[in-house]
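Beneath this line is the structure, given in structure tokens, with notes to follow.
Only the coordinates and a few stated rules stand behind these numbers; no lab work does. Predicted model, so just to flag it, every value in this text is computed and none were measured. Positions of Cβ are backbone-derived with ideal geometry, glycine not excepted, and every protein chain shown enters the neighbour counts.
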Ligand SMILES: C[S@@+](CC[C@H](N)C(=O)[O-])C[C@H]1O[C@@H](n2cnc3c(N)ncnc32)[C@H](O)[C@@H]1O
């Protein structure tokens with residue numbers, strides 16, 4: 001069993017495993033992690049490549065180098081792995097200990113001992129925990145927020161993790177009216193007891209199988225083989241996830257879009273489902289004039305008043321308001337760079353390359369990139 005183990009990065013506000021066990025025992029929660037554990041036995045390079053491609057297409061980004069990526073509700077860990085392969089620094093968390101264990105297993109298989117991928121057990125409803133994370137360039141929470149038991153609160157929480165101009169990629173179950181209420185009854189029956197699980201599986205899995213066979217005949221192509229091209233998933237594991245997935249809530253696309261617009265996001269991409277399953281939303285956080293002012297008040301960068309030789313390092317001072325908080329430096333090529341906080345903390349290569357940290361310069365005003373601001377915000381959180 002992949003269970004959250006001692007290798008998990010320490011989380012002082014870890015989700016309560018006893019609460020998870022209680023919800024499972026009382027039939028309120030499906031054990032997603034157990035299903036993901038079975039999925040890992042069929043994971044291969046082709047599925048990983050499909051997951052990477054789906055991430056690139058939806059986010060409209062070829063690479064994620066130098067970006068901070070948060071996978072909220074990481075499940076199998078496949079999309080954390082995809083983001084890491086695309087160059088992002090990844091933070092994954094999940095409420096289900098077995099899902100955390102699966103994500104750790106993928107890290108062990110493909111990125112063992114990698115400092116740029118952290119994994120923790122935590123709930124997206126735990127705002128104290130989320131506050132410790134700071135903000136991210138990309139927040140990914142696919143098929144998670146409707147399984148928390150407090151969907152709108154969970155959506156609100158992930159919006160706060162996104163840096164200005166950052167992207168939020170979420171997928172939420174489509175509201176199908178009475179049909180959604182029928183599926184809720186199926187899921188409750190599945191989770192209530194062994195008999196319910198058995199009865200729902202033998203009733204619905206053959207139904208889904210038959211539906212896909214008919215769809216293959218009508219389309220003239222093998223829909224089973226085509227399924228994993230979309231996100232690298234497997235139909236059987238997704239059917240089980242669908243039949244059992246409790247808690248379960250649904251949302252209408254227009255409500256989701258309005259909710260985000262009211263919080264300063266604009267819709268970047270919408271992929272609607274025609275029936276059951278998820279609508280996928282990619283939002284981009286706008287930078288309002290107020291944010292701009294707040295950002296300028298928060299952090300600014302200036303050249304340090306020091307002499308440098310032709311190939312010496314360039315030095316800068318970073319201020320928060322009027323207070324000097326750090327010195328930043330890079331070599332003449334911009335390959336090597338680092339930061340020294342006035343409290344003694346120092347780090348090499350805080351984000352990507354120097355050009356991912358500083359923008360402008362020359363004839364343009366020098367400024368900190370959004371990734372640099374997210375990085376500084378995170379470090380300031382850690383400090384306080
Ligand atoms: C259907 S899976 C999706 C996994 C993954 N995001 C993906 O795209 O494949 C839903 C995941 O959400 C997790 N989850 C449910 N409630 C959660 C919560 N409150 N906080 C964090 N994760 C949660 C479940 O444990 C499960 O691993």
Query raised in the report: What percent does the relative contact order of segment 1-155 come to when contacts are Cα pairs within less than 8 Å and at least six residues apart?
Result: 30 percent
Report summary line: What the Cα atoms of segment 34-90 span along the principal axes, largest first and in whole Å, is 32, 22, 16
Query raised in the report: Quick one: length gained pulling residue 185 to residue 348 fully straight, 0.36 nm per residue minus the C-alpha distance?
Result: 53.3 nm
Requested in this report: Over all alpha-carbon pairs in segment 157-298, figure out the percentage whose distance exceeds 28 Å.
Outcome: 36 percent
Requested in this report: Go ahead and estimate [θ] at 222 nm for the chain from helices alone: -39,500 (n - 2.57) per DSSP H run with n ≥ 4, summed, over the residue count, rounded to 500.
Outcome: -13500 deg cm²/dmol
Query raised in the report: Hey, in the GNM for the chain with a 10 angstrom Cα cutoff, which one of 180, 216, 74 fluctuates hardest?
Result: 216
Query raised in the report: If you take all C-alpha pairs in segment 124-232, what percent of them are over 16 Å apart?
Result: 73 percent
Requested in this report: Could you give the spread of the C-alpha atoms of the chain along their three principal axes, from largest to smallest, in whole angstroms?
Outcome: 76, 42, 38
Requested in this report: Provide the three semi-axes, in whole Å and in decreasing order, of the ellipsoid equivalent to segment 310-358 as defined by the square roots of 5 times the Cα gyration tensor eigenvalues.
Outcome: 19, 11, 10
Query raised in the report: Taking neighbour Cβ counts within 10 Å as the exposure measure, how do 193, 349, 102 sort from fewest upward?
Result: 193, 349, 102
Requested in this report: List the relative contact order of segment 130-233 as a percent without decimals, with contacts defined as Cα pairs under 8 Å and 6+ residues apart.
Outcome: 20 percent
Report task. Can you put 24, 158 in order of Cβ neighbours within 10 angstrom, beginning with the fewest? Result -> 24, 158
Report summary line: segment 22-63: spread of alpha-carbon positions along the three principal axes, whole Å, largest first, is 44, 23, 10
Requested in this report: List the relative contact order of segment 250-290 as a percent without decimals, with contacts defined as Cα pairs under 8 Å and 6+ residues apart.
Outcome: 36 percent
Report task. Specify the angular offset, from 0 to 90 degrees and rounded to the nearest 10, of the alpha carbon long axis of helix 97-110 from the longest principal axis of the alpha carbons in the chain. Result -> 60 degrees
Report summary line: Restricted to the chain, the DSSP antiparallel beta bridge percent, nearest 5, is 65 percent
